[in-house]
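A short worksheet on the structure shown next.
The values are calculated or read from the model by the stated rules, or taken from the named source; none is laboratory data. Since the structure is predicted, the reported quantities are computational estimates derived from the model, not experimental observations. Reconstructed Cβ throughout: ideal geometry from the backbone, glycine too, with neighbour counts over all protein chains shown. We work out accessible area using only protein heavy atoms, side chains counted, and drop any ligands, DNA or RNA first. Shrake-Rupley method; radii C 1.70, N 1.55, O 1.52, S 1.80 Å.
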Amino acid sequence: MRSKDWVNVLVGTIAAMCVIVLVVVIVNRVSLAPGGSRQTIITGGIRPESRPLEVWKGSMVVRPGEVADFAVGVYNDRQGQYALITMPAGRLVGVPLQEPRFGPQGISFAVGRESEPRESWVRFQFSREGNGGQARGVALQAGQRYEAMMVRVPSNQIGDLGSVQR
């Protein structure tokens, strides 16, 4: 085999490995079939220093008849405002949201690591309804669209979103 052929084989192998890693990441973000289990729990490593300003509990439809519940807490500290998400089905605990926007008309945020390409992040977009304490919208990832909704709840319902001090 010529050296050019070896390079092509190596590049093909690396590309295949990248696709496998991408599939694992996507599967890790979508809830499992009933009865399944997954080892990995992603934690944000943040323990809020104060009570949240806003707390939202929500659900997104991941498959017909199956929902993934989540909780979002919006906090203020010396460094500014930030938000954390916990989603048991996605094995996320106290993970910082990317690009959080909690406005009077709408709410948007993304879930993903800063080291990952932004195109791979799960993006949530909501419109507030009624008195602003309810929101309906979608979660978007890799061309897929998942219906979602959230309801604002009292701040004592957030539970533990992190593991260490921010």
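Restricted to region 69-116, and to residues there that are closer than 23 Å to Pro154 by Cβ and of a type in the set (D, E, K, R), the residue that is nearest to the chain's Cα centre (by Cα) is Asp69. For region 98-111, the criterion of being at pLDDT 90 or above, farther than 19 Å from Asp69 by Cβ and hydroxyl-bearing (Ser, Thr, Tyr) is met by at least one residue. Within region 55-91, the residues that satisfy the criterion of being at pLDDT below 85 and either open to solvent by 10 Å² or more (accessible area, probe 1.4 Å) or in contact with a His (Cβ under 8 Å, 6 or more places away or on another chain) (or both) are Asn76, Asp77, Arg78, Gln79, Gly80, Gln81, Ala89, Arg91.
Is it true that some residue in region 131-149 is among the basic types (Lys, Arg) and within 24 Å of Gly65 (Cα to Cα)? Yes: region 131-149 contains one or more residues that are among the basic types (Lys, Arg) and within 24 Å of Gly65 (Cα to Cα).
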